[in-house]
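Derivation of every value follows stated rules applied to the coordinates shown; laboratory data play no part. A quick note: this is a predicted structure, and the numbers were derived from the prediction, not measured. Counting neighbours? That spans all protein chains shown, and the Cβs are built from the backbone with ideal geometry, glycine included.
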Amino acid sequence: MRWLGTVLAVWVGTGVFAAEPTAAVRGKKALESTAFIRGFWPTSAYDTAWKQWGVKEKPADYAAAFRDRYGLHAAPFDNGKYPMGLRKADYLFGQGLAIDCTTCHGGSVLGKSVVGLGNSTLDIESLFGEMYAAAGTPARLPFHSSNARGTNEAGAFSVFLLGFRNDDLTLTLTPRDLDLHDDSCEDVPAWWLLKKKQTMYYTGATDAHSVRSIMQFMMHPLTTPRDFAAAEPTFKDVQAYLLSLEAPKYPLPIDKSLAARGQAVFAENCAKCHGSYGDAPAYPNKVVPLAAIGTDPKRYENITAAFGRAYNASWFAQESGIKPLRETAGYQAPPLDGVWATAPYFHNGSVPTLAGVLNSAARPKVFTRSFRTAEADYDAAKVGWKVTEVPPPDAKLPGIDRRKVYDTTQPGRSNAGHTYGDDLTPDDRHAVVEYLKTL
Ligand code: HEC
Ligand code: HEC
């Protein structure tokens, strides 16, 4: 009767007897296979983008060259020939390409692509500019989508696009300026932290349980109110998937006794804001006033009451059981699970290593990095990315080169503040960094 076992195994394997997939499993599948918006470009724009690069012929390993140019990563799921973050989508009368959540939320560390890790190498401004040029439809947004490679102006997209919508998300003929600013320089937070949070986004203004809030991504001009309503159940599943994600474990050696010493220093100096970890985890969900935290104020200032009012009046905020946007005093202290993987640090990615987070005097002022993510690019001693200090970039450099230099004297890019590690001894700081690897 061996054949019977085989037949049963095949049936189970194909799902005939399998239980309904859970919401998280459905959400993962949706996230990896659905374009939630119409395409921006014909598929040919991908194949011809290299003509914008100033090279004479198409690079031999084109997929790798394309990823490298824009800071995208190989998809750890089936995505055809495209990198994680570019996806086939309806376009005019055929198929085109759009971005998706993983353009920004698909990162890589130690050479491994990770869905849910912020993409700290992305140059979204070059990706948009050169794909539109390759498509023969050069289009310019009325704001910068990125000022420094690895950061983006996701908030500006929301402010800009909500201005074209009435409260019911129909398009308006009289667009509103909801106070557009494009110098927040936002680093992308890791999705696996969401499950601990009561409030989300950097200022803690938004109810972390909101599904509609993450649907702001769908505000492409061709998305109708009916499309938003139809996609809501899928976004509930996507949220369940985000809530199921776990931080990746630090894969390199850890000095256990040093980490144990660091744990004690952390409990004393850091836990009141960042919570505790291990067997009895706790997360206080604390927002620290701007004047006390002292990190760059732009992200806080750039989303103003004009947007808050419009958002709260709109479909996005009419979600049962969800609190409206609130005004907070500053930035939320994030959980630190998997923090070894999420460099650079602070909401604006202004500090490349944990050693710098803990010692404000040791933070580099103007620096660049390889924007690759292999072990050779990773600084296991300071924990974060290896950087090289350079002079401020020439304003006449092409944007793609200028954005590779992070200049902390520029708006939105201050690396000041969060001086909580400054008074620790060098030994204690070293121990805390070792402890942070274990989270
Ligand atoms: C253009 C880049 C970009 C894209 C595309 C994008 N995000 Fe984000 N996302 C961000 C940035 C930047 C933040 C931080 C925003 C802030 O607080 O200022 C963020 C924040 C979030 C957060 C809150 C995390 C936290 O802990 O505070 C969630 C959840 C999220 N995004 C989900 C999504 C989903 C789902 C999609 C696709 C439907 C998506 N994002 C598409 C850039 C992006
Ligand atoms: C008074 C509250 C407070 C204390 C105390 C505090 N932090 Fe923070 N921490 C914050 C806030 C708020 C942020 C976010 C700042 C920002 O992004 O602008 C932050 C950010 C961080 C980050 C960057 C996280 C990321 O992903 O970008 C790390 C790492 C960190 N803190 C570690 C520590 C350590 C270690 C200590 C103890 C030596 C400590 N913090 C003490 C409030 C605090």
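Brief remarks follow.
- For A208, distant residues with modelled amide H under 5 Å away: T199, M200
- The residues neighbouring K404, those whose beta-carbon lies less than 13 Å from its own, together hold a net charge of 0 under the Lys/Arg +1, Asp/Glu -1 convention.
- Each peptide in 169-182, 109-122 receives the mean, over its residues, of other Cβ atoms within 10 Å, and ordering these scores from highest gives 109-122, 169-182.
- Whether the chain is rounded, prolate or oblate, judged on the alpha carbon gyration tensor where a/c under 1.5 counts as rounded: rounded
- Listed from fewest to most Cβ neighbours within 10 Å, the set V288, V390 follows the order V390, V288.
- Counted by Cβ distance under 12 Å from E434, the other residues give a net charge of +2, where Lys and Arg count +1 and Asp and Glu count -1.
- Listed by chain and number, the lysines placed with their C-alpha closer than 16 angstrom to that of K196 are K272, K286; residues fewer than eight positions away on the same chain are left out.
- Expected 222 nm ellipticity per residue - DSSP helices of 4 or more, -39500 (n - 2.57), all of the chain, to 500: -8500 deg cm²/dmol
- Close amide H pairs (under 5 Å, H built 1.01 Å from N) link K286 with A333, residues at least 5 positions away or on another chain.
- Only lysine pairs 8 or more places apart, or on different chains, with alpha-carbon atoms under 30 angstrom apart are counted in region 12-130, and they number 16.
- Each residue of region 214-221 was assigned a 3J(HN,Hα) from its phi angle through the Karplus expression (A = 6.51, B = -1.76, C = 1.60, θ = phi - 60°), giving 7, 7, 4, 3, 7, 6, 5, x Hz with x at Gly and Pro.
- For A259, net neighbour charge (Lys/Arg +1, Asp/Glu -1) across residues whose Cβ lies under 14 Å away: +1
- With each label modelled as a point 7 angstrom along the Cα→C-beta vector, the E268-L92 pair spans 6.7 nm.
- Taking region 305-439 as the region of interest, the number of lysine pairs whose Cα atoms are within less than 29 Å, with members eight or more places apart or on different chains, is 12.
- Comparing mean-square fluctuations of R149, R261, R87 from a GNM of the chain with C-alpha springs under 10 Å, the top value falls on R261.
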